[in-house]
Each structure stands twice: as structure tokens, then as C-alpha cells.
Amino acid sequence: MKIGSLSEIVRRFRRDESGNFLMLFGLVLIPLLGVVGVAIDYSRASNARQALNSAIDSAALMAARDAQKLTDGQLRSRIDAWIRDNLPPSVKGQFSNATVTIDRTARTIKIDANANVPTTISSVLGVAQLPVGTFSQSTWGTNKIELALVLDNTGSMAQNSKMTNLKTASKSLLKIMKDAAITTDQIRVSIVPFNTQVRIARAFKDEAWMRYGLVRNVTCSSNKQSCYVNNTNIYVYDTGNLSCDSRGRTCVYNTITKANWSVANQGCIVDRDQDNDTKDGGLSGTAEQYPAFWCSQTSLAESMPLSSDWAALEARIDTMTPAGNTNVTIGAVWGWATLTPGAPFTEAKPATEPNLKKYMILLTDGDNTENRFTATGKDIDARTKLACSNIKAAGINLYTIRVIDGNADLLKGCASNPSMYYDVQNASQLDPIFKAIANEISAVRLTQ
């Protein structure tokens with residue numbers, strides 16, 4: 001291009017009034033950049049507020065947990081440290097202060113927190129920083145918890161390290177509950193090991209709700225080795241108490257009495273008469289009493305009523321030994337019994353107790369195989385289903401856990417809702433699941 005031509009183009013451009021567009025664009029550019037900058041900076045401020053809100057929620061929960069153990073000054077120092085520890089590095093430097101209001105009469109802790117977010121492009125408009133604030137409130141000591149651990153102790157629990165992992169998981173749960181308890185007896189746990197029976201303290205032998213003298217008409221098997229019940233044709237548990245006579249025509253049997261039930265290695269209970277086998281309480285007649293029987297496996301661990309003696313609860317977990325067949329119904333019903341104030345156990349508070357929540361964790365690794373009446377699984381499943389319905393109707397929050405084997409549909413239906421059913425495919429998963437349930441149960445609820 002020639003120099004002359006270029007000069008002409010410049011002269012024409014200067015004469016052209018449309019060149020005013022550049023001037024107008026220049027005037028608009030600064031506020032336009034400011035608008036974009038404000039949007040960016042407000043987005044950063046919003047992210048900072050979310051991080052701050054999450055940090056003070058966590059601090060409020062921690063403070064509620066420790067409120068009765070610390071002074072107000074100690075709580076305020078801890079809260080400030082908790083907030084800073086939970087903020088991301090990009091926000092930690094922007095955190096300015098937190099105002100903590102502690103009301104020990106109402107048992108509330110309110111945290112008002114603030115941060116100042118430095119601006120970037122918005123500074124051209126004279127805005128150097130954007131203040132953000134949020135608040136959270138927690139309460140402590142308001143919820144009381146009663147939890148029944150209903151745990152399968154059948155022979156199949158010896159396989160695939162299931163019992164070993166169950167003991168570890170149960171102890172993890174107990175530790176979380178112990179640490180979450182702020183006052184004595186705020187959280188109490190019962191333990192009900194089961195197979196086809198449950199075992200209770202022999203000190204109950206004189207209680208009015210106990211039933212002795214369970215009658216069994218039996219005949220000998222063809223090989224003269226075992227006795228069977230005539231009307232249901234199921235194997236009788238204890239061949240030491242039931243044996244063929246010398247002629248192989250009838251069975252000699254011992255009736256269960258108070259004396260032989262209360263000796264060492266006994267103390268077991270079988271299903272109540274139907275339909276009381278799926279209910280709790282109601283002890284006005286013989287049909288409602290709890291039938292004593294010889295223990296089919298003398299190693300079955302004894303049930304433990306609600307307690308906050310954490311060392312004793314752990315010790316009871318250690319006594320669990322896998323043996324015998326499966327009757328989920330009797331485990332569920334006796335777990336329910338530990339959560340109600342009437343006989344046979346009386347440690348529970350009534351359901352009308354303010355701020356009381358009741359829970360049950362029901363765990364099994366197999367199908368129902370045997371109860372007092374039958375060895376037909378589908379018939380026992382029907383009893384389990386009815387027992388679960390009654391438990392939930394009583395206001396108990398029911399978790400169910402299937403460990404590798406068992407009737408998944410039955411256990412899923414037993415749970416209070418689908419999210420409270422766990423299908424465990426490897427026994428090593430029990431510990432994190434028990435911890436998750438324990439944290440969910442023991443969590444201090446945010447009130448704001």
C-alpha cells in the first residue's frame with residue numbers, strides 16, 4: 001500500500017462521524033466491566049457463604065455435644081477453632097469473627113459468623129470487599145434414645161467371618177453411642193441374640209409371665225435315634241431329654257419345670273402361642289405367657305435389657321457364639337420387649353416420654369428355618385412379617401440388615417423405610433454400616 005493512500009484513509013476516518021462509536025464504546029466499557037465483575041465477585045461471595053455455613057453447622061453440632069463438659073469461655077474458643085479448621089484455605093483468611101450465644105436454660109447454642117470477601121474487578125466501582133454472614137443454632141440434651149440390637153447367633157454366622165465382624169461392628173456402634181451421650185442414661189442399648197430361641201436370665205424363673213410344663217406328644221423315629229412331634233413332624237431340640245425307650249415304640253421325655261429350666265446352661269424361651277408370638281406384653285392368661293424350654297444350644301448368649309453400662313454391653317457382645325437354626329420372629333419380638341416398659345422387661349420408658357426415640361437394628365444372615373410350630377420357612381416368614389408390622393406400628397424405628405443370605409424381600413419390607421434396609425455382601429461391610437447407623441441415630445439435630 002502507498003503512503004499517500006494510507007494518509008487518505010486516516011483523513012477520511014477522522015471526517016467520518018461514525019467514529020463516535022469508539023467514543024461511546026469506551027464510555028460504556030467501564031460500567032460493563034463493572035457489571036461482569038460484580039457478578040463474578042458475588043459468585044465468589046456466595047461460595048464463601050456456603051463454606052462458612054457448613055463450617056458453623058459442624059461447629060454447632062460439636063458444641064452441642066460438649067456443652068455440658070465445657071465452660072462458656074472454653075466453648076467459644078473451641079467454636080472459633082472448629083470453624084477455622086473446617087473452612088477451605090481460600091475462605092479461611094476471609095473469616096472475620098463469630099458471635100456465640102449460649103443459653104444454658106434453653107440448652108441452645110447460636111453462632112453468627114461473618115467473613116469479608118475481597119473483590120476483584122468490582123474494585124473499579126469502589127467496592128473493595130463484600131461482607132457475608134450466616135448463622136446456625138443447635139440444642140443439646142433434648143433427645144433420649146433406646147436402641148435394641150437384635151442379632152442373629154445361628155450356626156451360619158460362623159461362616160465367612162460373619163460373627164467376628166459382627167462383634168467388631170457392634171462394639172463400634174456402642175462406642176459412638178457412649179461418646180454421643182451427654183448425660184447418664186440419655187442413650188441406652190439392649191442386646192438380644194437369637195437362633196430358634198432367646199435366652200434370658202434364670203432369675204426370671206418365678207415371674208408370673210413364665211410358663212412351664214409345655215406338653216409334647218412324641219413318637220420314635222424309624223432308626224430309634226430321635227424323637228419327633230406327632231402333629232408337626234419337626235425335630236425336637238434336646239435328644240438328651242427325649243429318647244426312645246428300649247422297645248423303640250414310644251419316647252420317654254421330661255416336662256420342662258421351673259427346677260430344670262433354672263439350672264446352669266438353661267434359661268431359654270420359645271415362641272408364645274399364636275397370635276401372641278408376634279405381639280408384645282399382655283400377660284393375663286396362659287396363652288400369653290412365655291414358654292420355658294430347654295436350650296437347643298446351651299452356648300446361646302443371654303439377652304441383656306436396656307443399659308448404659310458400656311463395659312457390660314461390650315462384654316455381652318463377646319459372649320455371642322454361633323449355633324443353631326433361624327427364627328427371626330422370636331428375636332424381633334424380644335427386641336421389642338426390651339423397648340417397652342411392661343413385662344417381661346421393665347427398663348424402657350413409655351413411648352409418651354418427651355423427646356424419646358426408640359430404634360431397633362435387626363440383623364440376620366439366613367432364611368427362617370424353624371420355630372416352635374413348624375420347619376416350613378414361608379410359614380415362619382409370615383410370622384416375622386406380622387411381628388415387624390406390629391413393631392413399626394408401636395412407633396419403633398426399625399433398621400434391618402441382611403448379611404449375604406436371607407429373605408431380602410422380607411427384610412426390606414420389615415424396615416421402616418427402604419433407606420433403613422442394608423444388603424451386606426461381605427461381612428467386612430458391617431463395621432462401616434453400624435457406624436453410619438449409630439451416627440445417624442445419635443446425631444444432635446440442628447434446630448435452625
Counting only residues that are outside any loop (DSSP other than H, G, I, E, B), of a type in the set (A, V, I, L, M, F, W, C) and buried (at least 20 other Cβ atoms within 10 Å of the Cβ), how many does the range 287-310 have? 4
Looking at G93, is it under 30 Å from I182 (Cα atoms) and modelled with pLDDT of 80 or more? no
Give the residues of the range 133-191 that are polar (S, T, N, Q), in contact with a Leu (Cβ under 6 Å, 6 or more places away or on another chain) and over 30 Å from T326 (Cα atoms), sorted by residue number. T134, S138
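Does A375 fit the bill of being part of a loop (DSSP other than H, G, I, E, B), on the phi < 0 side of the Ramachandran plot, surrounded by fewer than 22 Cβ atoms within 10 Å (Cβ to Cβ) and among the small types (G, A, S)?
Working: part of a loop (DSSP other than H, G, I, E, B): yes; on the phi < 0 side of the Ramachandran plot: yes; surrounded by fewer than 22 Cβ atoms within 10 Å (Cβ to Cβ): yes; among the small types (G, A, S): yes.
Yes; evaluated as a whole, the condition is true for this residue.
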Determine whether S156 is assigned by TED's automatic domain parsing to the domain that holds L339 and under 19 Å from M304 (Cβ atoms). no
Would you mind stating whether K171 is of a type in the set (D, E, K, R), surrounded by 16 or more Cβ atoms within 10 Å (Cβ to Cβ), on the phi < 0 side of the Ramachandran plot and not in a strand (DSSP E or B)? yes
Of the residues that make up the range 238-252, is at least one basic (K, R) and at pLDDT below 90? yes
Of all residues in the range 378-408, which are without any contact (Cβ under 8 Å) to a residue 40 or more places away in the chain and among the acidic types (D, E)? D379, D381
Could you grab me the full set of residues in the range 75-122 that are in a loop (DSSP other than H, G, I, E, B), among the β-branched types (V, I, T) and farther than 16 Å from Q137 by Cβ? T119, T120
Please name all residue pairs, on different chains or six or more residues apart, with Cβ atoms under 6 Å, provided the first residue is in the range 361-377 and is closer than 30 Å to N439 by Cβ and in contact (Cβ under 8 Å) with a residue 12 or more places away in the chain and the second residue is in a loop (DSSP other than H, G, I, E, B) and among the aliphatic types (A, V, I, L, M). D365/I404
Between a first residue in the range 332-359 that is closer than 24 Å to F194 by Cβ and a second residue that is hydroxyl-bearing (S, T, Y), which pairs have beta carbons less than 6 Å apart while being 6 or more apart in sequence or on different chains? T338/S190; F345/T338; A348/T340
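The values are calculated or read from the model by the stated rules, or taken from the named source; none is laboratory data. On a predicted model such as this, the values are computed, not experimentally measured, just so you know. Every residue, glycine as well, gets a Cβ built from its backbone with ideal geometry; the counts of neighbours run over all protein chains shown.
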